[in-house]
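Notes follow the structure.
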Amino acid sequence: MTQSLTILGLESSCDDTAAAVVRREADGSVRILSSIVFDQADLHRAYGGVVPEIAARAHAEKLDHCVRDALQHADLGLGDLDAIAVTAGPGLIGGVISGVMCAKGLAAATGLPLIGVNHLAGHALTPRLTDAIAYPYLMLLVSGGHCQYLIARGAEDFSRLGGTIDDAPGEAFDKTARLLGLPQPGGPAVQQEAASGDARRFRFPRPLLDRDDCNLSFSGLKTALMRLRDQLIAEKGGLTRQDRADLCAGFQAAVVDVLGEKTKRALQIYLQENPAVPTVAVAGGVAANTAIRHRLETICADFGAAFTAPPLALCTDNAAMIAYAGMERFEAGARDGMDLSARPRWPLDQSSPAMLGSGKKGAKA
Ligand code: KG4
Ligand code: ZN
């Protein structure tokens, strides 16, 4: 490596409009020079979920500002960049189109190369950006829209070991919070309630643990919670604080057990085909949950595997991960043309069967 490489990344696949500048220095080290995220939570709050049309319009309005701020914070101009990377899917199609059109406009105006990035690859490569971990490694992506186990072998070389067949875990936390009248996003609220609850009071299912694979299911947990809640209301006319805390604790314990057991399976499957124990990395908003993190840490310690979780700002949607994933593609010689298309679905592992369903944050890949 003799020259530095500076990439602008754009992200607009869900409800965060983001731009970032990432640089690989001549010595090979990588630095985030800026990372701007405009979150749209206020625009969607009244609707209880992301409204695709509102999201797309807001992205189109904000992307220019994000790019300007990202360049300003990095103290750079467009002329200092080597390429423009943009999320080209999967996600809510209107938002993805906004980002791709903005990136094409910038590329056409500057003559810079254009690199389309898979949003999931952005998440999956983040541990390389933050911790410089080497390929191959085992990745658990857990967010409001995604849940999958991946073996990452290269910037465009992933094997999916399994994933959710219905809701993503963050979605289940959010629905649980809604059912119990707790604020959104539900994850932090449920975690806080669970801290004072008794996880053994109510029985929650542990879906799909009877199967040897790495597939997961979370929609049954939400149904179980709704039944328990309705039963309590029918019996006592309402929920006490303790009822709510115990329901949250029971729900969270089930998610922790399921993710823990499936992580063990993912490690076992990995070790059947690979000789060395891998580093295990987790990313996505749900990785903020301390009970989940602790269980994963314990399991990794039992297997003798290193465990890494990027800082939260880089676990959730951001453009630094897109710039970084674009950088790896760029370094591998990849370039996209003006025919780069926005893709609502774009599985990382093209050979594994498509996952079912479509989450609140768009199609599941
Ligand atoms: O990665 P993210 O910001 O957005 C996408 O889904 O792409 O993840 C947001 C999700 C929300 O569903 C939120 O409830 C969940 O992450 N979350 C948590 C916690 N903090 C955020 N879930 C469980 N425990 C938490 N502490
Ligand atoms: Zn994401």
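The values are calculated or read from the model by the stated rules, or taken from the named source; none is laboratory data. Note that this is a predicted model, so its numbers are computed, not measured. Neighbour counts run over all protein chains shown; Cβ positions are idealised from the backbone, glycine included.
Please specify each residue of the range 30-52 satisfying the condition of being over 19 Å from the mean Cα position of the chain (by Cα) and among the acidic types (D, E).
D42
For residues that are over 19 Å from D317 (Cα atoms) and in a helix (DSSP H, G or I), tally how many sit in the range 29-52.
Residues that pass the stated criteria total 2.
From the residues in the range 13-28 that are assigned to a loop (DSSP other than H, G, I, E, B) and either away from ligand 1 (no atom under 13 Å from the Cβ) or not charged (D, E, K, R) (or both), which one is surrounded by the most Cβ atoms within 10 Å (Cβ to Cβ)?
Ranking the candidates gives S13 first.
Scan the range 108-132 for residues that are in a helix (DSSP H, G or I) and within 16 Å of ligand 2 (Cβ to nearest atom) and report the count.
Within the range 108-132, residues that are in a helix (DSSP H, G or I) and within 16 Å of ligand 2 (Cβ to nearest atom) number 11.
Residue-wise test of (1) closer than 20 Å to A288 by Cβ; (2) in contact with a Cys (Cβ under 9 Å, 6 or more places away or on another chain).
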residue: A121; (1), (2): no, no
residue: D131; (1), (2): yes, no
residue: L138; (1), (2): yes, no
residue: L141; (1), (2): yes, yes
residue: L150; (1), (2): yes, no
residue: E156; (1), (2): no, no
residue: S159; (1), (2): no, no
residue: T164; (1), (2): yes, yes
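(1) crowded, with 23+ Cβ neighbours inside 10 Å; (2) modelled with pLDDT of 95 or more; (3) within 17 Å of A121 (Cα to Cα); (4) of a type outside the set (G, A, S): which one isn't true of D317, the others all being true?
For D317, the failing item is (2).
I'm checking my understanding of the structure. Among residues of the range 268-278 that are of a type outside the set (D, E) and surrounded by fewer than 20 Cβ atoms within 10 Å (Cβ to Cβ), which one is farthest from ligand 1 (Cβ to nearest atom)? Steps first, please.
Residues of the range 268-278 of a type outside the set (D, E): 268-272, 274-278.
From what's left, surrounded by fewer than 20 Cβ atoms within 10 Å (Cβ to Cβ): 268-269, 271-272, 274-277.
Values: Q268: 25, I269: 25, L271: 28, Q272: 30, N274: 28, P275: 32, A276: 29, V277: 27 Å.
The qualifying residue farthest from ligand 1 (Cβ to nearest atom) is P275.
Can you tell me how many residues within the range 98-113 are within 25 Å of the chain's Cα centre (by Cα) and surrounded by 20 or more Cβ atoms within 10 Å (Cβ to Cβ)?
Selection size over the range 98-113: 5.
Does at least one position in the range 76-90 carry a residue that is assigned to a helix (DSSP H, G or I), farther than 26 Å from G170 by Cα and among the aliphatic types (A, V, I, L, M)?
Yes.
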